[in-house]
Every structure is written in structure tokens, then in C-alpha cells.
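Trainee: Got a structure for you, questions after.
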Amino acid sequence: MEILNREPDVSVQIGPLVLPNPVGVASGTFGYGQEYQELLDIHRLGALYTKAVSLEPKAGNKPPRLVETPSGLINSIGLANPGLQVFLDEKIPYLQSLSCPVLVNVVGESESEYTTIVEAIEKRIGDYQEGEKSPVDGYELNLSCPNVDKGGMAFGTEPDLVERITRKVRRLTRRALVVKLSPNVTDIAQIALAAEAGKADAVSCINTVVGMAIDVKTCKPLIARGIGGLSGPAIRPIGVACVWKAARAVRIPVIGLGGITCADDALEYLLAGASAIQVGTAIFSNPRAPLEILDGIKAWMRERNIGTLGEIPALLRFPS
Ligand SMILES: Cc1cc2nc3c(=O)[nH]c(=O)nc-3n(C[C@H](O)[C@H](O)[C@H](O)COP(=O)(O)O)c2cc1C
């Protein structure tokens with residue numbers, strides 16, 4: 001087979017935003033970037049999705065809040081984060097120095113918290129001059145965290161609420177608006193359709209899967225809160241199926257994540273209909289994974305003479 005001698009075009013359009021490539025780093029596994037600057041070239045990422053930002057600082061849940069399980073990790077961090085004010089004052093200046101797109105993961109305990117946070121960030125970044133790189137290129141609404149008692153996943157399981165929150169935030173920003181979906185629902189396609197109806201530019205799926213592990217010697221749960229969110233390779237088939245269902249239901253792009261560790265894993269998502277992907281838990285054991293995955297996707301495209309990412313989903317073949 002003739003090998004394509006030009007570089008494939010790996011850019012991805014998410015509403016008004018063009019991602020230079022499809023490989024982003026998932027919220028909660030990359031902090032706000034600074035923590036990783038020595039470990040990989042952040043500027044080469046397709047997108048950085050920040051740790052969740054909530055209105056007030058959150059200490060998170062009681063430890064133990066992380067445990068390894070077969071091919072996975074259960075976490076119950078509880079959205080620990082320094083809160084909106086520290087984000088505005090301390091994180092935004094660093095994010096402005098990055099050349100990769102930055103999407104802020106937003107979480108609220110009420111509908112008004114989502115709008116208050118986005119409004120405050122929009123106001124702050126309005127101070128940056130035209131032509132200057134904006135510190136924030138979009139938002140990812142976390143309507144899907146299983147680790148909190150209020151908000152989070154409770155919002156993401158109700159299509160009407162998803163549509164309403166998305167619409168309210170949409171009115172506040174022209175920047176890219178992504179709604180992050182939970183796999184812990186009966187029909188993810190309905191939730192994706194609700195986000196699309198609320199005028200989201202894309203949906204991302206999946207957040208973690210509700211999980212529990214128990215030590216049979218002590219008869220205690222391995223996570224203080226009992227249940228937590230399962231991530232890592234154990235959930236990849238769930239994520240791929242969710243992306244496939246969502247991508248068949250909506251016209252907006254679907255961003256796939258859940259258990260991606262290498263280029264082949266990412267390609268599964270792209271074949272299932274994802275326009276872009278995110279790498280999460282894999283970063284903990286290999287911080288360079290996102291860039292290795294990007295190189296692997298490009299090599300796979302070159303070998304098959306594929307010029308653009310948009311051509312990939314049509315390659316999915318079902319046994320006849
Ligand atoms: C330690 C940890 C913290 C996370 N924090 C967030 C968060 O703040 N907001 C969010 O939307 N998702 C959060 N997630 C979910 C991930 O972004 C991702 O959806 C999930 O882990 C599945 O991808 P993975 O298997 O590649 O990790 C977190 C995941 C982990 C493991």
C-alpha cells in the first residue's frame with residue numbers, strides 16, 4: 001500500500017474552537033497543568049481539561065479515597081479543588097501561558113452555581129486583549145460526578161435538567177461548551193440529545209462508573225465513602241459503547257474517554273464515532289501517554305492513507 005507522504009490533518013472543530021489534535025487530558029487527572037510541566041510538552045496537547053472548579057473551595061471526601069482494582073482505579077476524591085476565587089487569581093495566569101486549548105471543567109451544587117462560575121470566568125478573561133491568547137477556550141460542564149452528595153451526577157441523569165443548565169450556560173459564553181455525560185444512566189443517547197438541544201457544542205463521555213470494593217478480611221469498604229467512581233481500562237468497553245450510542249443520536253461532536261492507555265484504545269473510540277478523545281487514569285502511570293497516543297494515531301492514519309480524522313468512523317465494519 002502506498003504510504004501517505006503528507007501529514008494527516010488531525011485538527012478537530014468543537015463549536016468555535018479548533019483543537020490542533022484530538023488528544024486531550026481528562027479532568028481531574030492533570031490538575032491545572034502546572035503539576036505536569038516538567039513531565040511532558042503540554043503545548044503539544046490537543047486540549048487540557050482542568051480539574052473541576054466549584055464555587056467554594058472543597059477539601060473533598062475523607063480518605064481512603066483511591067484504590068486500585070483489576071484493570072482500574074476507584075476514586076472518591078469528591079471534587080477537591082481550591083474554588084473559583086483561587087482559580088481566577090492563581091490558575092488563570094498560568095493557563096494563559098499555555099499554547100494548547102484549555103477547557104475549564106465546571107461543577108456546581110445547584111444550577112445557579114454553574115452559571116455563577118462561568119459568568120465570573122467570562123468576566124475575568126474579558127480583560128485579556130484582543131489578539132492575546134485567552135487563558136480559557138471553553139468549558140466542560142461536569143454533570144456526571146458520582147462522588148458528591150449534591151449536584152454532579154444528580155443533574156446529569158435528568159434530560160430536562162441537562163438541557164436547562166446547558167441552555168443557561170450557553171447564554172453566558174460564545175466559547176466552546178462541552179457537556180460531560182455519565183455512563184450511570186439508562187440511555188445515554190437521551191442525555192446527549194438533551195445537551196444538544198441546550199446548544200452544547202459537544203458532549204464528552206464517559207465520566208467514571210459507580211463502583212465499590214470491599215476488603216473481606218476486615219469487612220470494610222476500601223473507599224471511606226463506600227462507593228466511588230471506577231476508571232481505567234476496566235471501563236473502556238463501557239465508554240466505547242456509550243460513545244457509539246451518543247454519536248448515532250446527535251450531530252454535535254462526541255469526545256470519548258474512559259480507559260484509554262495507548263493509540264489502539266483511542267482508535268477504538270474514533271472508530272465508534274468520537275471526534276476527539278481524552279486520556280485520564282493512564283497519565284498516573286505514564287505521563288507521556290497522551291503524546292505517544294497522538295503519534296500512534298497519526299502513524300495509523302498514515303499507514304492507511306487517511307487524510308482527516310472525520311474519515312475514521314466510516315471505517316467501522318460490522319460482520320456481515
Ligand atoms: C482521580 C480522578 C479525579 C477526577 N476528577 C474529575 C473532575 O474533577 N471532573 C470530571 O469531570 N471528571 C473527573 N474525573 C473523571 C475523569 O475525567 C474521566 O472521565 C474518567 O476517569 C474516565 O477516564 P479514564 O478511565 O481515562 O480515567 C476524575 C477521575 C479520576 C481518576
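Values in this text are rule-based calculations from the coordinates and carry no lab data. It should be emphasised that the depicted structure is a prediction, and the values quoted were computed from it without experimental measurement. Positions of Cβ are backbone-derived with ideal geometry, glycine not excepted, and every protein chain shown enters the neighbour counts.
Trainee: What is the fewest-to-most order of TYR114, TYR139, TYR94 by other Cβ atoms lying within 10 Å of their Cβ?
Mentor: Ranked by crowding around the Cβ, least crowded first: TYR94, TYR114, TYR139.
Trainee: What do the square roots of 5 times the Cα gyration tensor eigenvalues come to for region 7-62, in whole Å, largest first, as semi-axes of the equivalent ellipsoid?
Mentor: Output for region 7-62: semi-axes of 27, 15, 8 Å.
Trainee: Could you list log10 I(q)/I(0) for region 193-320 at q = 0.14 Å⁻¹, which the Debye formula gives when each Cα is one point scatterer?
Mentor: -0.69
Trainee: Counting only pairs 8 or more places apart or on different chains, how many lysine pairs in region 131-221 have C-alpha atoms closer than 27 Å?
Mentor: 10
Trainee: Continuing with the same structure: As a check on your grasp of the helix formula, calculate [θ] at 222 nm for the chain: sum -39500 (n - 2.57) over DSSP H runs of n ≥ 4, divide by the residue count, round to the nearest 500.
Mentor: On the way: 9 runs with 89 residues, N = 320.
Computed ellipticity for the chain at 222 nm equals -8000 deg cm²/dmol.
Trainee: To continue, here is another question. How high is the relative contact order of the chain, given as a whole-number percent (alpha carbon pairs under 8 Å, six or more residues apart)?
Mentor: 21
Trainee: Debye calculation, C-alpha points only, no solvent: report log10 I(q)/I(0) for region 166-225 at q = 0.16, 0.19 Å⁻¹, in the same order as the q values.
Mentor: The Cα Debye sum returns log10 ratios of -0.61, -0.72.
Trainee: Pick from GLY46, GLY226, GLY72: which residue has the top mean-square fluctuation in a GNM of the chain where Cα pairs under 10 Å get a spring?
Mentor: GLY226
Trainee: Would you mind finding the longest exposed-site-free stretch of the chain, with exposed GluC sites (Glu not before Pro) meaning DSSP loop and at most 11 other Cβ atoms within 10 Å?
Mentor: It works out to 133-320.
Trainee: Which percent of Cα-Cα pairs in the chain sits in each 10 Å bin, short to long?
Mentor: The percentages, shortest bin first, are 6, 28, 37, 22, 6, 1, 0.
Trainee: Same structure, new question: Compute, for the chain, the length of the dipole vector about the Cα centre, with Cβ point charges of +1 (Lys, Arg) and -1 (Asp, Glu) only. Units Debye, rounded to 20.
Mentor: 520
Trainee: Taking the chain as a Gaussian network, Cα atoms linked when under 10 Å apart, which of PHE30, PHE284, PHE155 shows the biggest mean-square fluctuation?
Mentor: The residue that fluctuates most here is PHE284.
Trainee: With unit charges on the beta carbons (Lys and Arg positive, Asp and Glu negative) and the dipole taken about the Cα centre of region 1-132, which residue among ALA26, ILE42, THR115 sits farthest to the positive side?
Mentor: ALA26
Trainee: Within 14 Å, Cβ to Cβ, of GLU140, how many net charges do the neighbouring residues add up to if Lys/Arg are +1 and Asp/Glu are -1?
Mentor: Working: positive: LYS51, ARG170, ARG175, LYS180; negative: ASP137, ASP201.
Here the charged neighbours net out to +2.
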